[in-house]
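Asker: Below is one structure. I have some questions about it.
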Amino acid sequence: MTKYFIISLFAVISLFAFSSIDSTYLLKPSHFPAHKYDFAKNSLKVETIELGRALFYDPILSADNSISCASCHSPFNSFTHTDHPLSHGIGDKIGTRNAPALINMAWQTSFMWDGAINHLDMQALAPISNPEEMGETIENVVKKLQNSKIYTKLFTYAFNDSAITGERTLKAISQFLLTLVSADSKYDSIVRGLTIYTLQESNGYKIFKQNCNSCHTEPLFTNGKFERNGLPIDFTLQDFGRLKVTDYVNDYAKFKIPTLRNIEYSYPYMHDGRFKRIKEVLEHYTNGINYMIDLPPQLKKPIVLSSNEKVDLTAFLLTLSDRKYLFNPDYGYPKYLLDYKAKE
Amino acid sequence: MRYCLIFILSAIQIYSTEVSVSLTYGIEKLGLDKYYQFNTKDSVRITKLKIFISNVSLLKNDKEVWRKSRSYHLVDMDNVATLTIIKELPPIDYDKISIGLGIDSTTNVSGALGGDLDPTKGMYWTWQSGYINIKIEGNCNLIKNRNNEFQLHLGGYQFPNYTYLETQFPAKQDKDIIIELDIKELLEKIQIAEISHIMSPSKTAKNISLMISKMLKVQLND
């Protein structure tokens, strides 16, 4: 029986390996800058990516085995959580921030809305340990994985021996996250010279370049920095952003500039999910900015847009939607692996 | 001829010089969970003590002559074997040893690492990246909170609260190097009743780390 299990599992994995050989996820899109992640320290391997994918979708990472990474980072919402302004955790607990969309992780150098995490490998530790998210410890996660037959096998395929450690667990999750590359939107096709903008999108692109591109910089649609964007502080959350991380007064109320890729699917918006629609976000930047707050130079001069211009800008923003990213079978729930695990 | 052989064998043995840590409470050897007298009428006990010793190197005339590779060692009072940092120093000529207290900033931004640096060792902050260099936990009746607890988690890899420190001590070939730290002196100096909880990088954490690095003493044994 065990032998059967190993053979069939191996067959499934090698099948997957085949289907992934021509996948673009190991490649850098030609119009993207160089990766920021150091692949030399964690070189991608199909078996390790698969292990990372299983871990990403497995609620074993949470204290009561109820919440997985995917609970708040669902592929169909560009790896965030629609309908929930603030992230949810074990026992229906509610956090203080909106789950960010996971897109093009290999190009990021700091993580979380406040940049508290300095490396992709260490990112998963935060939600695993947060009492309002998974409420677990990495020590105990490793113990649970060590007691699982399927994970012992998956770790062996991934790392050539059966040792399950914190380092390996985190590196495997990183490997899966590194494969999440979105570079197949209409915008990308236009950059590649395969299609052209409509008149409306083209107008929107001009408005974008004049008003948004300095922070939401092409082609990643973020410059990875932290800024104050004039949002009134929500004092019920007492969240002052990057100040908590750096203890530097100038970082008061600064949050990470998020990517605009897949913005169509990643609502609600802002660090606390206060806006449900793109329309509300544009309303904020044109009429809602609190000018009493010290603002970055880009926002000091009010942005004036007519309602037609707003419609055009929105049309451009929708060219950043990458449906293939949402439905990429390589990113989805690894049913065959977690079905095996359920039988343990 | 036979005598000569014995002489050579004993000479080889002398070369296995080690580097270890000795933790004391005053003049006593420190034991976990044991109550010690603090001030005149108070008591204190240590329930957890973990210290990262890293980047050990040997110097001669202030020039580095040897460096231990991947030298990140977690001293954990729960496991006596971890008090030995290096089992055998190389048989070369040196006059100083340099040790790092904590984890340097480069290692702090290098992603997931294994061995003593594995985050399952309980020496990594989760809500914010960075290693905890030193963890000291215990109880003292002077601390007026639940269970009279104190928890000092010292770390920080970013300016201005960078807490990693390197210290040099005189050393000599063929002599065991014992790095000593007196916890009684530490608790008295930081006035544990005043500072009972440090759980994140701060100026206080930096100052206490500096204090600890200055309190380290070295003893050379044959």
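Asker: Looking only at the range A:293-322, count every residue that is part of a helix (DSSP H, G or I), modelled with pLDDT of 95 or more and not polar (S, T, N, Q) and tell me the total.
Answerer: Qualifying residue count for the region: 10.
Asker: I've got another one for you. Across the range A:239-266, what is the number of residues that are of a type in the set (F, W, Y) and either at pLDDT 90 or above or in a strand (DSSP E or B) (or both)? Lay out the reasoning, then the answer.
Answerer: Within the range A:239-266, the first condition is being of a type in the set (F, W, Y), and the residues that meet it are A:240, A:248, A:252, A:255, A:265.
When the remaining residues are screened for being either at pLDDT 90 or above or in a strand (DSSP E or B) (or both), the result is A:252, A:255, A:265.
Number satisfying all stated conditions: 3.
Asker: While we're here: Checking the conditions here, which among B:E166, B:E137, B:E185, B:E180 is in a helix (DSSP H, G or I) and among the acidic types (D, E)? Let's see the steps before the verdict.
Answerer: On the way: B:E166 fails: in a helix (DSSP H, G or I); B:E137 fails: in a helix (DSSP H, G or I); B:E180 fails: in a helix (DSSP H, G or I).
Of B:E166, B:E137, B:E185, B:E180, the one residue that is in a helix (DSSP H, G or I) and among the acidic types (D, E) is B:E185.
Asker: Also: Restricting the search to the range B:145-169, which residues are of a type in the set (F, W, Y) and surrounded by 20 or more Cβ atoms within 10 Å (Cβ to Cβ)?
Answerer: As a first pass, look at the range B:145-169 and keep what is of a type in the set (F, W, Y): B:150, B:157, B:159, B:162, B:164, B:169.
Of everything in the range B:145-169, those that are of a type in the set (F, W, Y) and surrounded by 20 or more Cβ atoms within 10 Å (Cβ to Cβ) turn out to be B:F150, B:Y157, B:Y164.
Asker: Check the range B:64-76 and report whether any residue there is basic (K, R), surrounded by fewer than 16 Cβ atoms within 10 Å (Cβ to Cβ), at negative phi and more than 14 Å from chain A (Cβ to nearest Cβ). Write out each step before concluding.
Answerer: Here is the first cut: in the range B:64-76, the ones basic (K, R) are B:67-68, B:70.
From what is left, the residues that are surrounded by fewer than 16 Cβ atoms within 10 Å (Cβ to Cβ) are B:67, B:70.
Going one step further and asking which of them are at negative phi, we end up with B:67.
Going one step further and asking which of them are more than 14 Å from chain A (Cβ to nearest Cβ), we end up with B:67.
Within the range B:64-76, one or more residues are basic (K, R), surrounded by fewer than 16 Cβ atoms within 10 Å (Cβ to Cβ), at negative phi and more than 14 Å from chain A (Cβ to nearest Cβ).
Asker: Please work out which one of (1) over 26 Å from A:K186 (Cα atoms); (2) more than 14 Å from chain B (Cβ to nearest Cβ); (3) outside any loop (DSSP other than H, G, I, E, B) is the condition A:G52 fails and give its number.
Answerer: The number of the failed condition is (2).
Asker: Out of the range A:161-176, which residues are within 11 Å of another protein chain (Cβ to nearest Cβ) and either hydroxyl-bearing (S, T, Y) or touching a Pro at 6+ places or on another chain (Cβ under 9 Å) (or both)?
Answerer: Of everything in the range A:161-176, those that are within 11 Å of another protein chain (Cβ to nearest Cβ) and either hydroxyl-bearing (S, T, Y) or touching a Pro at 6+ places or on another chain (Cβ under 9 Å) (or both) turn out to be A:T165, A:G166, A:E167, A:T169, A:L170, A:S174.
Asker: Scanning the range A:279-313 for residues that are over 18 Å from A:E201 (Cα atoms) and among the hydroxyl-bearing types (S, T, Y), which turns out surrounded by the fewest Cβ atoms within 10 Å (Cβ to Cβ)?
Answerer: A:Y291
Asker: Look through B:S98, B:S110, B:S200 and report the one residue that is touching a residue at least 60 places away in the same chain (Cβ under 8 Å), of a type in the set (S, T, N, Q) and not in a strand (DSSP E or B).
Answerer: Values: B:S98 fails: not in a strand (DSSP E or B); B:S110 fails: touching a residue at least 60 places away in the same chain (Cβ under 8 Å).
Result of the check over B:S98, B:S110, B:S200: B:S200.
Asker: Take the residues in the range B:87-124 that are crowded, with 16+ Cβ neighbours inside 10 Å and more than 29 Å from B:L152 (Cα to Cα); name whichever of them is nearest to the other protein chains (Cβ to nearest Cβ).
Answerer: B:L89
Asker: Where in the range A:102-190 are there helices (runs of 4 or more DSSP H), lying fully within it, with 1 or more residues that are among the hydroxyl-bearing types (S, T, Y)? Please lay out each step first, then the result.
Answerer: Details: elements: A:120-123, A:125-129, A:138-146, A:149-159, A:166-178.
Hits in the range A:102-190: A:125-129, A:149-159, A:166-178.
Asker: Please identify the pairs in which a residue from the range A:81-99 that is under 22 Å from A:F235 (Cα atoms) has its Cβ atom under 7 Å from the Cβ atom of a residue that is basic (K, R), counting only partners at least 6 apart or on another chain.
Answerer: A:P85/A:R274; A:L86/A:R97; A:S87/A:R97
Asker: In the range A:177-191, is there at least one residue being within 14 Å of chain B (Cβ to nearest Cβ) and in contact (Cβ under 8 Å) with a residue 12 or more places away in the chain?
Answerer: Going through the range A:177-191, the residues within 14 Å of chain B (Cβ to nearest Cβ) turn out to be A:177-178.
Now restrict to residues that are in contact (Cβ under 8 Å) with a residue 12 or more places away in the chain: A:177-178.
Yes, that holds for at least one residue.
Asker: Going residue by residue through the range B:129-144, is there one that turns out to be surrounded by 18 or more Cβ atoms within 10 Å (Cβ to Cβ), facing another protein chain (nearest Cβ under 8 Å) and either touching a residue at least 12 places away in the same chain (Cβ under 8 Å) or touching a helix residue (DSSP H, G or I) at 6+ places or on another chain (Cβ under 9 Å) (or both)?
Answerer: Yes: the range B:129-144 contains one or more residues that are surrounded by 18 or more Cβ atoms within 10 Å (Cβ to Cβ), facing another protein chain (nearest Cβ under 8 Å) and either touching a residue at least 12 places away in the same chain (Cβ under 8 Å) or touching a helix residue (DSSP H, G or I) at 6+ places or on another chain (Cβ under 9 Å) (or both).
The values are calculated or read from the model by the stated rules, or taken from the named source; none is laboratory data. None of these values were measured; they are calculated from a predicted model. No Cβ is skipped: glycine too gets one built from the backbone with ideal geometry, and neighbour counts run over all protein chains shown.
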